[in-house]
Amino acid sequence: MRILISLTLTMLITGCQEKSGGSLTAQEIVDKSIAISGGALYETCSFTFDFRDKTYVLEKSNNRNVLKRITRSDTAIVTDVKSSDGFQRYINDSLISLPDSMAQKYSNSVNSVHYFAYLPYGLNDAAVNKKLLGEVQIKNSEYYKVQITFDQQGGGKDYDDVYIYWFNKESFKPDYLAYEFHVDGGGLRFREAYNERYVTGIRFVDYNNYKPRAEVSIFAMDSLFTRGHLDLFSKIELTDIVVNPDSYN
């Protein structure tokens, strides 16, 4: 009986913690966000878009995602391919050998651009951990503030990166996000979504990409943004977006 009572109390406490900061759990918020942004279409579509003079392609092959980056010049076409089999680079259709360090660098770069392009898709991956931090106001709108971390197993090379998403309480769209990264010296970024458009049912946005003026906590990035204490670092703009539904089924 004592064990049963203890278990019951534990379940009640856990349930209260999950619901803290609002009537929804972090998981429910992410589920709603993915549904409103494209839902099941993410699983059945292929994607092509341009970013900074490079073309990015996501294809479906045997129920696996194959990520590509294509760079064209007057003399060559370089195609980088990342899949569950690893990373490969082709120059004019010829596979070339790369040192492991360079292959990892290129692989991370390809993965990063694709990852941000399809958000919030990916936030339900098995290695993702979600925590509702509470509710905040940004520019007269109310947001759920959700922390994202990753398990080491399945979380990729940058599993120790930390993300925070601000989901609009009315639309459930992630209007803002911040991330703390550790490669290339590390740092913090805060992104503000704009230019929202739907292409064949999938939501895409561009970003104003900000950085802090001094070393701060990632948890304070929304406060710094509202007070105008972040500097614009770059703009993330996707062009020539093409979505092909059911292309690989």
Self-check item: Matching residues in the stretch 78-100 - criterion: being assigned to a strand (DSSP E or B) and surrounded by 13 or more Cβ atoms within 10 Å (Cβ to Cβ)
Solution: Val78, Thr79, Asp80, Val81, Lys82, Ser83, Phe87, Gln88, Arg89, Tyr90, Ile91
Practice problem: Take Glu215 and decide whether it is surrounded by fewer than 14 Cβ atoms within 10 Å (Cβ to Cβ) and under 21 Å from Arg52 (Cβ atoms). | Solution: no
Quiz item: If a residue has to be at pLDDT 95 or above, on the phi > 0 side of the Ramachandran plot and either hydrophobic (A, V, I, L, M, F, W, C) or surrounded by 13 or more Cβ atoms within 10 Å (Cβ to Cβ) (or both) to count, how many in the stretch 168-203 make the cut?
Solution: 3
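Residue-wise test of (1) charged (D, E, K, R); (2) surrounded by 17 or more Cβ atoms within 10 Å (Cβ to Cβ).
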site	(1), (2)
Ser37	no, yes
Asp53	yes, no
Leu58	no, yes
Lys68	yes, yes
Ser73	no, no
Self-check item: Yes/no for Asp222 being outside any strand (DSSP E or B), surrounded by 14 or more Cβ atoms within 10 Å (Cβ to Cβ) and in contact with a strand residue (DSSP E or B) (Cβ under 7 Å, 6 or more places away or on another chain)
Solution: yes
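For the stretch 88-120: of the residues being aromatic (Phe, Trp, Tyr) and at pLDDT below 95, which is nearest to Ile36 (Cα to Cα)?
Tyr115
The values are calculated or read from the model by the stated rules, or taken from the named source; none is laboratory data. Predicted model only: the values in this text are computed from it and were never measured. Don't worry about glycine lacking a Cβ; one is built from the backbone with ideal geometry, like all the others, and counts go over all protein chains shown.
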